[in-house]
Amino acid sequence: MPPRAHMSRTSIAVVDSKRILAIFGPRDQHLRRIRSALGVGVSARDDSIHIEGDEPAVLRATAVFEELDRIAREQGSVALEDVAQLLSIATGQSAAEPVEPIEVQRPGRAVVPRSPGQAAYVRAIRNNDVVLCAGPAGSGKTFLAVALAVSMLRSEQVRKIVLVRPAVEAGESLGYLPGDLQAKINPYLRPLLDALREMIDFEQLKRLSEQEVVEMIPLAYMRGRTLNHAFIILDEAQNTTVSQMKMFLTRLGNGSKMVISGDTTQVDLPANRTSGLVDAMRRLEGVPGCAQVRLAGEDIVRHPLVQRIVAAYDDAGHQEQRRPSRP
């Protein structure tokens, strides 16, 4: 008889009892499906979800419920398709290989990829030192990279997290914006900060920032640095130039990881400038240690309408390309 797996219990504080009802589904249909698929006991009391069972099953179930809570908080409801997609990843029944949940904050709190594309992205980051990712808005490029960075910092695989963005979205130089340096760069780095706050409480994040364990800087301030034992994320990389991308890539130090992500359909550079992300994906294809991932519309996990919006713009773009030019 095989040895019995270690039993585990955990709780997820949801606070809003209406969200628990959304997560469990009409007549608890989502709850029954999760119990059956993952083999765990689940109950709700004191505005919390309580999970018990074998330790690996509890970890998978916790990751699923964490994601369902986020969906319920952002969208107000949970669809059967959301539950099915999360369970297919958690049980390894999707087209992609199963991926271990990403533990953040503390044991028992985890982020789980919600599509085969996202699962491939997480595997690529775990298995390579440099990962380039192109994908549409809402496909989890930034969120999953930040989750992995927090997980590796918590497990002491890296000593610091460095979050970087090019400051070109508004077409302005930082020097022309009001305020001190922090006030100037905050608007550009806000999406990265928002992702961090999903995983680290405010006081801890403030302390880590003061100790420069978590650093958020514009791309221009990366020149001349070498970053050892760091998890470095370059967001909105489609707005880098070729020379900026080369400068960024050569900051990689010993024991570090780099994740470079962006949406190549939303380049804000002048028409005569080549995107550094597009150029790097061409140059680095096949280079050992450098992985590339391309996410698509089916990987979008924001409001369901975002998928349809992206598809509409893609269709319009294809029609523009097919339309004959005027003489």
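What do you reckon, is TYR176 modelled with pLDDT under 80, out of contact with any Asp or Glu (no Cβ under 7 Å at 6 or more places or on another chain) and not acidic (Asp, Glu)? It would help to see each step written out before you state the result.
Details: modelled with pLDDT under 80: yes; out of contact with any Asp or Glu (no Cβ under 7 Å at 6 or more places or on another chain): yes; not acidic (Asp, Glu): yes.
So TYR176 passes the test.
Looking only at region 253-279, filter to residues that are within 10 Å of THR241 (Cα to Cα) and of a type in the set (Gly, Ala, Ser); which one of those is surrounded by the fewest Cβ atoms within 10 Å (Cβ to Cβ)?
SER275
Considering only region 187-229, how many residues are crowded, with 18+ Cβ neighbours inside 10 Å, at pLDDT below 85 and touching a Leu at 6+ places or on another chain (Cβ under 8 Å)?
Final tally of qualifying residues: 4.
So for region 136-145 (the condition being part of a loop (DSSP other than H, G, I, E, B), surrounded by fewer than 16 Cβ atoms within 10 Å (Cβ to Cβ) and either modelled with pLDDT of 80 or more or not assigned by TED's automatic domain parsing to the domain that holds ASP268 (or both)), does at least one residue qualify?
Applying the first criterion (part of a loop (DSSP other than H, G, I, E, B)) to region 136-145 yields 136-140.
Narrowing the set further to residues that are surrounded by fewer than 16 Cβ atoms within 10 Å (Cβ to Cβ) leaves 137.
When the remaining residues are screened for being either modelled with pLDDT of 80 or more or not assigned by TED's automatic domain parsing to the domain that holds ASP268 (or both), the result is 137.
Yes, some residue in region 136-145 is part of a loop (DSSP other than H, G, I, E, B), surrounded by fewer than 16 Cβ atoms within 10 Å (Cβ to Cβ) and either modelled with pLDDT of 80 or more or not assigned by TED's automatic domain parsing to the domain that holds ASP268 (or both).
Of the conditions (1) modelled with pLDDT under 85; (2) out of contact with any helix residue (DSSP H, G or I) (no Cβ under 7 Å at 6 or more places or on another chain), VAL310 satisfies every one except a single condition; which number is it?
Going through the list (1) modelled with pLDDT under 85; (2) out of contact with any helix residue (DSSP H, G or I) (no Cβ under 7 Å at 6 or more places or on another chain), VAL310 breaks only (2).
I'd like to know if region 278-299 contains one or more residues that are assigned to a loop (DSSP other than H, G, I, E, B), under 22 Å from the mean Cα position of the chain (by Cα) and free of Cβ contacts under 8 Å to residues at least 40 places away in the same chain. Outline the logic, then answer.
At the first step, the residues of region 278-299 found to be assigned to a loop (DSSP other than H, G, I, E, B) are 284-289, 295-296.
Next, only the ones that are under 22 Å from the mean Cα position of the chain (by Cα) stay: 289, 295-296.
In the following step, the residues that additionally are free of Cβ contacts under 8 Å to residues at least 40 places away in the same chain were identified as none.
Checking region 278-299: not a single residue is assigned to a loop (DSSP other than H, G, I, E, B), under 22 Å from the mean Cα position of the chain (by Cα) and free of Cβ contacts under 8 Å to residues at least 40 places away in the same chain.
Would you confirm whether any residue within region 245-262 is more than 16 Å from VAL130 (Cβ to Cβ) and in contact with a Lys or Arg (Cβ under 6 Å, 6 or more places away or on another chain)? Talk me through it step by step, then tell me what you get.
Restricting attention to region 245-262, the residues satisfying the condition of being more than 16 Å from VAL130 (Cβ to Cβ) are none.
For region 245-262, residues more than 16 Å from VAL130 (Cβ to Cβ) and in contact with a Lys or Arg (Cβ under 6 Å, 6 or more places away or on another chain): absent.
Please verify whether region 215-228 includes one or more residues that are of a type in the set (S, T, N, Q) and within 22 Å of GLY140 (Cα to Cα).
Kept after step one, since they are of a type in the set (S, T, N, Q), are these residues of region 215-228: 226, 228.
Okay, now just the ones that are also within 22 Å of GLY140 (Cα to Cα), so none.
Scanning region 215-228, I find no residue that is of a type in the set (S, T, N, Q) and within 22 Å of GLY140 (Cα to Cα), so the answer is no.
Scan (1) under 27 Å from GLN118 (Cα atoms); (2) out of contact with any strand residue (DSSP E or B) (no Cβ under 8 Å at 6 or more places or on another chain) for the single condition PRO26 breaks and write down its number.
Every condition holds for PRO26 apart from (1).
The values are calculated or read from the model by the stated rules, or taken from the named source; none is laboratory data. The structure presented is a predicted model; accordingly, all values stated were derived computationally and were not measured. Because the Cβ atoms are built from the backbone with ideal geometry, glycine has one as well, and the counts that use them run over all protein chains shown.
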